[in-house]
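To keep things clear, I will list the structure first and then write my remarks on it.
What follows draws every value from the coordinates through simple rules; no lab data is involved. Just so we're clear, the structure is a prediction, and the values are computed from it rather than from any experiment. Every residue, glycine as well, gets a Cβ built from its backbone with ideal geometry; the counts of neighbours run over all protein chains shown.
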Amino acid sequence: MADAGRRQETPHLRDRARYLFDRTLARSTAALLGWLALGCLTLVVPVSALMVWTDPQAPSSLTGRLTAVWRTSAETLRLSGVTGAPLRMLLAAVLGLIALLCVSTVIGVITTGLGDRLAELRRGRSTVLEHDHTVVLGWSEQVFTVVAELFAAQSGRGRHVVTVLAERDSADMHTELTTALGIADASRLVCRTGAPTDPDALALVTPGTARSVLILPSDGADADARVIRTLLALRALLGTQPGPRLVATVRDGHHLPAARLAARPRGTLLEADRTTARLLVQSARQPGLPAALRDLLDFSGAEFHTLHVPGQVDRPYEQLALSFEDACVVGILRADGTPHLTPPRDTVLRPGDRLVLVAHDDQPTVAYCRGHIDARALAPAGERTDGPVRTLMLGWNRRAPFVLDILRRTSPPGSVLDVVTDPDAAPPEAVPHPQRFDSTSRLRVRHRTGDHTHFPTLRALDPSGYDSVIVLRDENPPAPAQPDDKTLLTLLMLKAHEEETGRRIHVVAELHDHRSRLLASLGPTSDVVVRGELTALLMTQMSHNPSLIAVFEEIFTARGGALALRPATDYVRPGLEASFATLTAAALSRGEAAIGYRTHDPCAGPSAEQIRLCPGQCERRVWTAQDELLVLTPGHGITPADDTDPLPLPLARGAHHEDDSTDRAPTPPNA
């Protein structure tokens, strides 16, 4: 029992000693310094004595050796090595300790200041001292598209800084963007942490000296409210002084009036949901159209430009449309900013007007191309008639009512839309019930429930019997981190049905993440519409060239021009070799503007499905029935059901901004 008591007593004493030591350290800084000095002396003095006693040249007397120990210890602790009277040595030691304390304090202050400064920089709270830069406010999937296009727009045009402000760690944002986009010059990307709705946080990115400010909607339910608050914060920060161009996106069109008031005259607003719905419908009718829109709106290839043509007033539009070898003229931008896309051929250019064209460069080659037109290859103009179409829509979200509304207004008489929703979901209020067919209606809508990720259910629907299938994204996925899983599974089921029946299905799928495009199982006649991608591309185009805002508004409204893919044999006779200028002239005679073409050669591989924009007017090839011509038409290909009730606009402007820069071109040769 006594041995057991001793075994228990030893750790008890050690714990008490440790406890007393911890309490001593916690009392004050002086106690900490005392223990530190005692620990140093406990280690330094014995080692110094050992060094002196083992030194063959050490003094022989005890006093001399103690003096040598003192000097060695003093040099080790950076104290003065003064010898002599004990009081003098004590004062020298005190002075050395004071000097050591002062130096340590200075080092500590510098270290703390540097640490705080580095922490401040990491938090992204320093002010950006830039001029003529671009500010991006908010963080969503759109930020990758926006930043990538902003860098592409300024490629080879000097150092242009892009600044991102969002409620995320600035270092994480910078790393994520540079890694995902492969940005070579990382110094051109500046990220700051803060709420875009806070004027103090907005001041960090100096929007008053910026060229343009882009406001992205968040992924939350209050996305539109945050955009409006950000616009109000910018107005509070900038006041009435001239400021940058503002381009913002809202989801719900009901919030456009409030956002327009908050933006005031310097803002341009886009409606994301209705724009996406319109793109889904157009893609369902025009396979390949999303790829054409991406090519036209990004900065990597051909894009829209405006061009001054000095000295060419009173010239008819028909002559100007065939005056450039590597550009496709699509309209006129009047001096007051009013666009006239695909105007009549006898429309004349007035002073101050600019041409609107699609080109790879803002300085196209001037060359009158009428001599390249092959008159014998021109096809006679015929009247287009569209019969009823059958559309299958799988899923339901907040963009589905817009899709349904557009289909109701623009479908040919006798068309059918079948809507399939999950059994657990509430029945869509926009779908009529009971289902009745009104002879005066253009579209018959039928609703049923079923799990379209279940192959037997999908097989019973027979999707190959429809002209197109629209797959809407699930906005409440079981795994929020993977919002496109259900859509990808549906695409796999459609692909399996396609292989089982041997019949191709034209599918248009809506995705949340642009990275999911690589995972989607799509056939050659299928397309993907990434949520917010089109609006992100439009935002960068408008911020880069504000004179095109009116042009884009004309293209993306119900009464404006519309892009369409038409059979090339509508313009030239099949099997004959003809130049692209021949198709340009044929489209011009129909009141359209040819922009490019799409080939379908099964022997040429997947690359043959790509759309070729702005080919040379003198480029010649044999046109077949499988080729399609990309044209800009005077209006949508299908007349609305009620012309007095136009489709709502997806784009609203506070005011029109003219671009300060003026592009000059050589004078085209006379006809």
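Each of PHE144, PHE556 has some number of other Cβ atoms within 10 Å of its Cβ, and from fewest to most they run PHE144, PHE556. With K and R counted +1 and D and E -1, the other residues having a Cβ less than 9 Å from that of LEU588 yield a net charge of 0.
Over all pairs of different C-alpha atoms in the range 134-243, the reciprocal of the mean inverse distance, the Kirkwood hydrodynamic radius, equals 14.2 Å.
The calculated Kirkwood hydrodynamic radius for the range 280-417 is 18.3 Å, given to one decimal from all distinct C-alpha pairs. The local environment of LEU234, defined by Cβ-Cβ distances under 12 Å, has a net charge of +4 under the rule Lys, Arg +1 and Asp, Glu -1.
Within the shell of other residues whose beta carbon sits under 9 angstrom from the beta carbon of GLN617, the net charge comes to -3, with Lys and Arg scored +1 and Asp and Glu -1. So what is the relative contact order for the range 134-243, in percent, with contacts set as C-alpha pairs under 8 Å and at least six apart? With pairs under 8 Å counted, the relative contact order is 33 percent.
Among 233-243, 249-259, sorting by the average number of other beta carbon atoms lying within 10 angstrom of each residue, highest first, gives 249-259, 233-243. Footprinting exposure proxy ranking of ILE555, ILE470, fewest other C-beta atoms within 10 angstrom first, gives ILE555, ILE470.
What order do you get for LYS486, LYS495 when you list them from fewest to most C-beta neighbours inside 10 Å?
On the way: LYS486 22, LYS495 17.
Sorted ascending by nearby Cβ count, the order is LYS495, LYS486.
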